[in-house]
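Everything on this sheet refers to the single structure shown next.
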Amino acid sequence: MENKSIFDLETVYLDDDNNAVVMLDQTLVPNEIKYLNLTTQPEIWEAIYELRVRGAPAIGITAGYGAYLGVKPSTAGDFDTFYTEFKVVKEYLASARPTAVNLFWALDKMESCLLKNKTKSISEIKAALHKQAEEIKAEDIRTNKAIGEYGLSLIQPNTGVLTHCNAGSLATGKYGTATAPMYLGQERGYNLKVFADETRPLLQGARLTTFELAAAGIVVTLICDNMAATVMKKGWIQAVFVGCDRVAANGDTANKIGTAGVAILAHEYGIPFYVCAPTSTIDMNTPSGDQIEIEQRKPEEIYKKWYVKPMAPEQGVKFFNPAFDVTDAKFITGIITEFGIARPPFTQTLPQIFEKKRSSEEN
Ligand code: MRU
């Protein structure tokens, strides 16, 4: 994977010398490649809220860096004051977006790190937070490589796969989750044909997935969201791989709006539907999809954002713009994690995945 130019485009990284989170502004891709240097908490919050950085794992990585930078300038002289300052930063960053659990997971990891080091000096705690933030990104990259291997084991060469939104390198530390098997397949001569849903209203599939797959030399065909049934019926799709923002303990999965419809279509056409889920995106504290908060976004994104003129009357029309939907577990063939593939019943197999994770951490 290392030689592909797309991987030279870092999604997000820390410039510690300049106290900045540096990120590719994904709202401009594919037309412009521009990096932002964000040094203030409101700038980092805004970047997450406006999807300059987006995708559950990349949001988590950004939050880790943001939390570290938020307390780095602290002049607190004792642990309690420092901890109080940290909690303000944590709460602020956590309010940027509600659905992707990685945001909260990363912030909790930072808090655990801080508490684990509470007997140390403030400067030592800051150093530990720096290390933890970098580890969140490094862990994500290792995770995606493992998901790539497990995912590729489920498909054959010369087949077609469909994906929704962007669960790619740009959504993660590197390699992506749903795209990791595609990149690995490309390396191993699988000759996969990828179909990318455009993913209205923010077009992550059109703007980001096609951009990064094409840059890696993968054959990618862009389709509108309402064309998935057509390509499935034609027999062009042998598997669906999608990412996720939060997987509940029963396997119900929140992902970009439109995913649930794709899953239902795949079920109808007998096509396996796989959710690629780092364990950081699996929330065993949420029993089912009913408890997942779904982000509601501005109406303008539906009818105005990408158009020269509004594509709906601005008066007398109501708008509904949920950013995510929940795919019922019954439509999911498998949940691919870095510790293996969970199959239904997920209430039994997801705990087994976490058991594997625990024992790997002990060894
Ligand atoms: O609103 P976005 O662009 O952050 O939504 C992204 C998705 O829904 C992705 O599929 C998900 O976060 C997984 S990214 C590996």
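The values are calculated or read from the model by the stated rules, or taken from the named source; none is laboratory data. Just so you know, these numbers come straight off a predicted model, no measurement behind them. Using ideal geometry, Cβ is built from the backbone for each residue, glycine included, and neighbour counts are taken over all protein chains shown. Remember, those area values only see protein heavy atoms, side chains included, never the ligands or the DNA or RNA. Shrake-Rupley method; radii C 1.70, N 1.55, O 1.52, S 1.80 Å.
Here are the numbers for this structure:
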{"item": "For ASN255, residues with placed amide H under 5 Å, excluding near neighbours", "result": "ASP245, ASP325, THR327"}
{"item": "Rough spin-label spacing in nm, given labels placed 7 Å along Cα→Cβ, for MET311 and LYS116", "result": "4.7 nm"}
{"item": "Within the accessible area of the chain (1.4 Å probe), percent carbon and sulfur", "result": "52 percent"}
{"item": "log₁₀ of I(q)/I(0) at q = 0.14, 0.18, 0.20 Å⁻¹ - region 229-363, Debye sum with one point per alpha carbon", "result": "-0.71, -0.97, -1.09"}
{"item": "The chain, helix-only ellipticity at 222 nm - DSSP H runs n ≥ 4, -39,500 (n - 2.57), divided by all residues, nearest 500", "result": "-12000 deg cm²/dmol"}
{"item": "Under 5 Å, built H, 5+ apart or other chain: amide partners of LYS34", "result": "ASP25"}
{"item": "Global geometry of region 185-309, whether rounded, prolate or oblate, following the gyration tensor of its Cα atoms and the 1.5 cut on a/c", "result": "oblate"}
{"item": "Convex hull volume of region 1-141 per residue (C-alpha atoms, cubic angstrom)", "result": "106 Å³"}
{"item": "Most to least packed among 42-50, 334-342 [average Cβ atoms within 10 Å]", "result": "334-342, 42-50"}
{"item": "Rounded to the nearest 10 Å², the accessible area of TRP306 at probe 1.4 Å", "result": "90 Å²"}
{"item": "Protection-proxy order for peptides 240-251, 312-323, each taking the mean of Cβ atoms within 10 Å per residue, highest first", "result": "240-251, 312-323"}
{"item": "Residues of the chain: accessible area per residue with a 1.4 Å probe, Å²", "result": "42 Å²"}
{"item": "Region 106-168 versus region 201-265: alpha-carbon centroid distance in Å", "result": "22 Å"}
{"item": "For peptides 111-119, 325-333, 5-13, sequence by mean Cβ density within 10 Å, most packed first", "result": "325-333, 5-13, 111-119"}
{"item": "Long-range HN-HN contacts of THR221 with modeled amide H, under 5 Å", "result": "VAL194, PHE195, ALA196"}
{"item": "Residues of region 205-233 with amide N under 14 Å of a point placed 7 Å along Cα→Cβ from ILE33", "result": "211-217"}
{"item": "Stretchable slack from ASP108 to GLU300, in nm (0.36 nm times residue separation minus alpha-carbon distance)", "result": "65.8 nm"}
